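Some notes on the structure that comes next.
The values are calculated or read from the model by the stated rules, or taken from the named source; none is laboratory data. A quick note: this is a predicted structure, and the numbers were derived from the prediction, not measured. Cβ coordinates were reconstructed from backbone atoms using ideal geometry, including for glycine residues, and neighbour counts include every protein chain displayed.
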Amino acid sequence: MRPAKNLDSSASSNPDGARIRPPCAALRGRSFTSLLTALCVVLPLAIFSHSTEARSFTATDLLPLEVDNSWTYLVDGVEEVRTVVDSESVSGETFFTIEVLSGPDAGAIQIGSNNENGLRTHRVFVPGFDGGEEIYAPPLLALEEEFDAGSDFAESGSLTLTLTGTGTFPATYQNEVTVTDLESVSVPAGTFDALRVDTVLVIDVDVSGTSVEISSSGSEWFVSGIGVVKASGEVDGEPFLTELVATNVPEPSAWMLQTAALLSVAFAGRWRSAHR
């Protein structure tokens, strides 16, 4: 299984030598926390000049979650398709299911939400003999609802970690997120002005009374109206790279420009007709 981008974690070993590798480690590169959170610290490519006021962003703009929204990525050189396949409203909150439809991690899913509580991951499931499930309480926060460039936030909580063929383990997590600023990022889908978000996630797993620490760090680059265009990091000493190849999600800015142009033409035509 390939590291995924959207929940952060890595492989580790317990004192008895058994491998402890959370499902999210297999899915790294999805952003989307995406899918399971992409995390890593890398040098900025090209930081744009700052204005006197901090740039403001909203999570719902940076990752548009709607059923049928789809992203095709190269994950360590292998093509993978991730699609929002379902949504469900529970107690007034909408939960989206993102599924990996093709590639080595096909069948993996992430349950997430993106609303006034921010962009969060509630559950991650990875099929296969080395897969399993992660359930976060509170949900793992990737982005707050509204924030400025240069801001950071942290949270901690509990985690139920189930490893296929091994068992279920209680765990705790500590998550730290740092928002940098816009950078110029080139991927197969094109060149974008993307917001880089760095994340460090540390998970402490209780294995038969012994604490096993799993930690990793990474970065994701978000483009407003599109989602994650790049994720890079390292899991258990192994680097990973995820790059956007194509998506059916349009940039709102382009859509708005086209709509504004059409409205402008329509208004101008009506104005001319009214004043003949």
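Structure data summary
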item	result
Matching option when the condition is buried (at least 21 other Cβ atoms within 10 Å of the Cβ) and of a type outside the set (Phe, Trp, Tyr), among LEU101, LEU119	LEU119
Output for region 42-72, where each listed residue is at pLDDT 95 or above, part of a strand (DSSP E or B) and over 13 Å from the mean Cα position of the chain (by Cα)	SER70, THR72
Selected residue (criterion: surrounded by the most Cβ atoms within 10 Å (Cβ to Cβ)) from residues of region 202-232 that are part of a strand (DSSP E or B) and of a type in the set (Ser, Thr, Tyr)	SER216
Scope region 55-70; condition within 13 Å of SER87 (Cβ to Cβ) and surrounded by fewer than 16 Cβ atoms within 10 Å (Cβ to Cβ); matching residues	GLU66, VAL67, ASP68
Matching residues, region 143-158, being in contact (Cβ under 8 Å) with a residue 60 or more places away in the chain, over 18 Å from GLU183 (Cβ atoms) and not in a loop (DSSP other than H, G, I, E, B)	GLU146
Condition broken by SER184, with the remaining ones in (1) touching a residue at least 60 places away in the same chain (Cβ under 8 Å); (2) closer than 24 Å to SER87 by Cα satisfied	(2)
Subset of region 120-142 [assigned to a loop (DSSP other than H, G, I, E, B) and touching a Lys or Arg at 6+ places or on another chain (Cβ under 8 Å)]	ASP130
